[in-house]
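Asker: Below is one structure. I have some questions about it.
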Amino acid sequence: MTVTAIRFHQVSKTYASAKGPAGASFKALDNVSFDIQQGEFFGLLGPNGAGKTTLISILAGLYRATQGEVAVMGHDVQADFAQARRNLGVVPQELVFDPFFNVREALKIQSGYFGVKHNDDWIDELLVSLGLADKAQSNMRQLSGGMKRRVLVAQALVHKPPVIVLDEPTAGVDVELRQTLWQFIAKLNREGHTVLLTTHYLEEAEALCGRIAMLKAGRVVALERTSTLLQAASSHVLKLKIEGQLPPHLAAMSRVTGRMVQFPAHDAAEIETTLAAVRASGVVVEDVEITKPDLEDVFLDVMSQKTCGAAQEAAS
Amino acid sequence: MTGWQTLFYKEVLRFWKVSFQTVAAPVLTAVLYLMVFGHVLRNHELVYGQVSYTAFLIPGLVMMSLLQNAFANSSSSMVQSKMMGNLVFILLTPLSHWSWFAAYVGSAMTRGVVVGAGVLLVTVWFAPLGFVHPVWILLFALFGAALLGAMGLIAGLMSEKFDQMAAFQNFVIMPMTFLSGVFYSIHSLPDFWQTISHLNPFFYMIDGFRFGFFGVSDVSPWLSLAVVGVSLGVVSAVALGLLKSGYKIRG
């Protein structure tokens with residue numbers, strides 16, 4: 001039997017606006033509902049300001065929802081906050097640290113907050129798994145940004161929570177840490193931990209997440225298995241490297257990144273038609289590649305559409 | 001250790017790791033006060049008709065240092081954690097508002113009592129002190145430290161930056177401690193200022209504390225204990241309410 005690890009039910013969050021007229025408000029989340037089952041590796045995607053961090057903060061008890069219910073492993077995050085938080089490990093987005101302590105002290109103190117005693121074996125395992133073993137006695141101030149990020153991950157896992165939330169854990173960190181981190185998190189996921197990830201690196205979400213929710217302006221606009229999302233997108237992408245400027249009617253159909261231009265295409269005939277139109281416009285094509293769409297294509301496609309009511313209905 | 005004990009331990013460790021600044025410096029300041037005021041006023045008439053001015057001054061300085069440091073500990077720790085963002089490590093834990101209160105106020109009391117004991121240890125050699133009622137001394141030290149620790153917690157929760165907290169410290173706590181009878185017996189004041197002093201709860205803390213040393217005081221120690229006890233109850237209730245509601249720490 002699958003157990004619901006995280007449940008968001010009709011969650012809304014309204015902030016009183018600091019700017020604008022008195023009484024003005026801003027709706028950061030609007031009736032968000034979805035469940036994450038135990039053992040899932042779940043991705044929460046959306047552009048900046050879509051409400052991802054607000055949703056995670058409500059889950060973690062850092063914010064209160066204006067409306068709706070949120071539960072971790074069946075424990076309401078407000079009414080039964082102690083049990084909910086024991087089941088949850090959160091890696092915050094901001095690179096924060098306590099300058100008074102070294103790495104081992106920080107981890108022992110974090111264990112203590114959760115009432116976990118004699119935790120040295122697990123702390124040692126975390127230090128080794130996250131490449132921090134030689135930094136155990138270093139003061140937090142002496143660590144590089146990447147090392148501080150690893151300590152944040154270790155602090156979130158120190159009480160062995162069944163549900164792990166990572167809020168943009170790889171923002172601004174090097175390739176080595178990303179690899180170390182993902183290997184470790186994937187191992188925890190294989191062992192049964194539920195993982196909720198937000199990231200701007202869509203290739204990471206595509207590689208790791210079995211299911212994905214996309215938020216836009218506080219609303220769920222897509223909620224699908226990753227494979228389903230990719231299948232639903234156009235079946236091919238025509239990638240061209242061009243010299244010159246595309247005429248407006250072609251530019252509107254494509255995604256332009258410098259000299260790289262990508263057109264969605266469903267079949268061979270559409271590819272031929274598009275190529276012919278590009279040639280006819282007088283633009284020189286230096287290179288041609290036909291690929292399958294990736295999550296970035298899906299993401300941009302979803303975000304360019306109007307808010308999808310179907311996703312809301314499917315989720316609720 | 002349980003959760004609140006860990007937070008208490010962390011808060012004690014926090015000030016102890018910088019004890020030059022948090023313990024040694026206030027002890028030195030108190031000694032300087034004693035040397036300057038004690039020297040200038042050494043020919044001052046006996047207070048209560050039996051206590052030399054230097055002896056009178058010492059318990060006042062001990063209590064003033066204790067109160068100011070208890071306040072400084074909880075307020076600066078809270079503001080610093082908010083400003084640096086590392087308060088999130090505590091916000092994510094299952095600790096209840098009672099646990100937060102016990103840990104922050106307990107560690108503030110610890111720092112207050114350590115600094116107070118330090119000041120006493122260094123100044124006790126300057127004049128004979130009676131230690132007539134040690135239980136009263138201990139009682140007022142603990143109640144006073146708890147009251148200022150809880151006030152510091154409130155100031156820390158309400159302040160969003162250091163200058164707001166510093167304003168609280170410099171414009172409320174400092175005048176109230178200075179004008180509480182640390183340096184003089186309020187009986188030496190004109191009637192109007194005596195009345196004003198009776199409205200200052202800090203006066204009762206220092207007067208009651210001093211009673212423990214000399215067995216004489218401006219007002220009954222029972223009255224002082226009642227004022228301090230009621231103040232502690234009210235301030236604690238406010239601090240607990242703010243913690244429970246997550247005032248300025250949870251969105």
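Nothing in this text is a laboratory measurement; each read-out follows from the coordinates by a stated rule. Keep in mind the model is a prediction, meaning the values are calculated, not measured. All Cβ positions, glycine included, derive from the backbone under ideal geometry; neighbour counts span all protein chains shown.
Asker: Using a Gaussian network model of chain A whose springs link C-alpha atoms within less than 10 Å, name the residue from A:206, A:69, A:270 with the highest mean-square fluctuation.
Answerer: Top of the fluctuation ranking is A:270.
Asker: Could you tell me how many cubic angstrom of Cα convex hull volume the protein assembly as shown has per residue? Numbers along the way, then the final one.
Answerer: Values: hull volume 112.0 nm³, N = 567.
Residue-normalised Cα hull volume stands at 197 Å³.
Asker: How many angstrom lie between the C-alpha centres of the stretch B:122-140 and the stretch B:142-164?
Answerer: The distance from the Cα centre of the stretch B:122-140 to that of the stretch B:142-164 comes to 27 Å.
Asker: Each residue of the stretch B:34-49 in turn: what ³J(HN,Hα) in whole Hz from Karplus with 6.51, -1.76, 1.60 and θ = phi - 60°, glycine and Pro shown as x?
Answerer: So the Karplus estimates, Gly and Pro as x, are 4, 5, 6, 5, x, 6, 5, 9, 5, 9, 4, 4, 5, 8, 6, x Hz.
Asker: To continue, here is another question. Return the ratio Rg/(2.2 N^0.38 Å) for the stretch A:234-292, where Rg is computed over Cα atoms only.
Answerer: Values: Rg = 10.2 Å, N = 59, 2.2 N^0.38 = 10.4 Å.
Relative to the 2.2 N^0.38 Å estimate, the stretch A:234-292 comes out at 0.99.
Asker: Suppose R0 equals 35 Å. What FRET efficiency, 1/(1 + (r/R0)^6) with r the Cβ-Cβ distance, do residue A:232 and residue A:82 give to the nearest 0.05?
Answerer: Details: r = 41 Å, r/R0 = 1.18.
The calculated FRET efficiency here is 0.25.
Asker: As a test, work out the antiparallel percent of DSSP beta bridges whose residues both lie in chain A, rounded to the nearest 5.
Answerer: 70 percent
Asker: In whole Å, what are the extents of the stretch B:1-67 along the principal axes defined by its C-alpha atoms, from largest to smallest?
Answerer: Principal-axis extents of the Cα atoms in the stretch B:1-67, largest first: 53, 23, 11 Å.
Asker: Among B:241, A:162, B:176, which residue has its Cα positioned farthest towards the positive end of the charge dipole of the protein assembly as shown, with +1 placed on the Cβ of Lys and Arg, -1 on the Cβ of Asp and Glu, and the dipole taken about the Cα centre?
Answerer: B:176
Asker: Here's something else I'd like to know. From Cα pairs below 8 angstrom and at least 6 apart in sequence, can you work out the relative contact order of chain A, rounded to a whole percent?
Answerer: 20 percent
Asker: What dipole magnitude, in Debye to the nearest 20, does the stretch A:28-155 give about its Cα centre under +1 on Lys/Arg Cβ and -1 on Asp/Glu Cβ? Walk me through the numbers on the way to the answer.
Answerer: Values: 12 positive and 14 negative charges, 91 e Å.
Result for the stretch A:28-155 is approximately 440 debye, rounded to the nearest 20.
Asker: Let me spell out the model: positive unit charges on the Cβ of Lys and Arg, negative unit charges on the Cβ of Asp and Glu, origin at the Cα centre of the stretch B:79-230. What dipole size does that give, in debye rounded to 20? Intermediate values should be presented prior to the final figure.
Answerer: Details: 4 positive and 5 negative charges, 66 e Å.
I would put it at about 320 debye.
Asker: Still on this structure, please answer the following. Can you list residues from other chains, or at least 5 along the same chain, whose modelled amide H is less than 5 Å from the amide H of residue A:211?
Answerer: Correct list: A:41, A:43, A:226.
Asker: Beyond 22 Å between alpha-carbons counts as too far, so tell me which of A:216/A:241; B:17/B:82; A:27/A:52; A:160/A:187 fall in that bin.
Answerer: Numbers: A:216/A:241 31 Å; B:17/B:82 20 Å; A:27/A:52 13 Å; A:160/A:187 13 Å.
Beyond 22 Å between Cα atoms: A:216/A:241.
Asker: Another question, if that's okay. Place +1 on the Cβ of every Lys and Arg and -1 on the Cβ of every Asp and Glu in chain B, take the dipole about the Cα centre, and give the residue among B:113, B:41, B:156 whose Cα lies farthest towards its positive end.
Answerer: B:156
Asker: Residue farthest toward the positive end of the dipole of the stretch B:8-147, with Cβ of Lys/Arg at +1 and Asp/Glu at -1: which of B:86, B:124, B:142?
Answerer: Going by the charge dipole, the pick is B:86.
Asker: Quick one: among B:25, B:239, B:145, which has the greatest mean-square fluctuation in a GNM of chain B with alpha-carbon springs under 10 angstrom?
Answerer: Checking each option, the largest mean-square fluctuation is seen for B:25.
Asker: Another one. Per residue and in cubic angstrom, what volume does the convex hull of the Cα atoms of chain A have? Each step should come with its number before you reach the end.
Answerer: On the way: hull volume 56.8 nm³, N = 316.
So the per-residue Cα hull volume is 180 Å³.
Asker: Which angle from 0 to 90°, rounded to the nearest 10, does the C-alpha axis of helix A:120-129 make with the longest principal axis of chain A?
Answerer: Here the helix axis deviates by roughly 20 degrees.
Asker: Using the Cα centre of chain A as the reference point, and only Cβ charges (+1 on K/R, -1 on D/E), how large is the resulting charge dipole? Debye, rounded to the nearest 20. Walk me through the numbers before you get to the answer.
Answerer: Details: 31 positive and 35 negative charges, 190 e Å.
For this selection, approximately 920 debye.
Asker: To check you understand DSSP bridge types, tell me what percent of the beta bridges within the protein assembly as shown (both residues inside) are antiparallel, rounded to 5.
Answerer: On the way: 40 of 57 bridges.
Of those bridges, close to 70 percent are antiparallel.
Asker: How many angstrom lie between the Cα centre of the stretch A:231-278 and the Cα centre of the stretch B:97-118?
Answerer: Computed from Cα coordinates, the inter-centre distance equals 67 Å.
Asker: Right, something else. Among the aspartates and glutamates, which have Cα under 12 Å from the Cα of residue A:108 when same-chain residues fewer than 8 positions away are ignored?
Answerer: Partners found: A:120, A:121, A:124.
Asker: Would you kindly derive the ³J(HN,Hα) couplings of the stretch B:116-122 from the backbone phi angles with the Karplus curve 6.51 cos²θ - 1.76 cosθ + 1.60 (θ = phi - 60°), listing them in order in whole Hz, with x for Gly and Pro?
Answerer: My calculation for the stretch B:116-122 gives x, 5, x, 4, 4, 4, 7 Hz in order.
Asker: Under the rule a/c < 1.5 gives rounded, and otherwise a/b versus b/c splits prolate from oblate, where does the stretch B:133-193 land using the Cα gyration tensor?
Answerer: Oblate, because a/c is 1.5 or more while a/b does not exceed b/c.
Asker: Spin-label point model (7 Å from Cα, Cβ direction): what's the residue A:272 to residue B:178 distance in nm?
Answerer: Simple spin-label model gives 9.2 nm for this pair.
Asker: Give me a comma-separated list of calculated 3J(HN,Hα) values for the stretch A:55-62, in order, Karplus coefficients 6.51, -1.76, 1.60 applied at θ = phi - 60°, integers in Hz, x for any Gly or Pro.
Answerer: Along the stretch A:55-62, the couplings run 4, 5, 5, 5, 4, 7, x, 7 Hz.
Asker: For chain A, what is the calculated [θ] at 222 nm in deg cm²/dmol (nearest 500), taking -39500 (n - 2.57) for each run of four or more DSSP H residues and dividing by its residue count? All intermediate terms of the calculation are to be shown ahead of the outcome.
Answerer: Details: 12 runs with 113 residues, N = 316.
Calculated at 222 nm, the ellipticity per residue is -10500 deg cm²/dmol.
Asker: Now, a different point. Based on alpha-carbon centroids, what's the gap between the stretch A:154-195 and the stretch B:21-42 in Å, whole number please?
Answerer: Rounded to whole Å, the Cα centres lie 53 Å apart.
Asker: Which residue, A:167, A:120, A:297, has the most motion in a Gaussian network model of chain A that connects Cα atoms within less than 10 Å?
Answerer: Greatest mean-square fluctuation among the candidates belongs to A:120.
Asker: A further question on this structure: How many partner chain Cβ atoms sit within 10 Å of a residue's Cβ in peptide A:105-113, on average, as a whole number? Display every interim value, and only then the final one.
Answerer: On the way: counts 3, 3, 0, 4, 8, 6, 2, 11, 15.
Partner Cβ neighbours, averaged per residue: 6.
Asker: Collect residues whose amide H, placed 1.01 Å from N in the peptide plane, falls under 5 Å from the amide H of residue A:193; neighbours closer than 5 in sequence don't count.
Answerer: none
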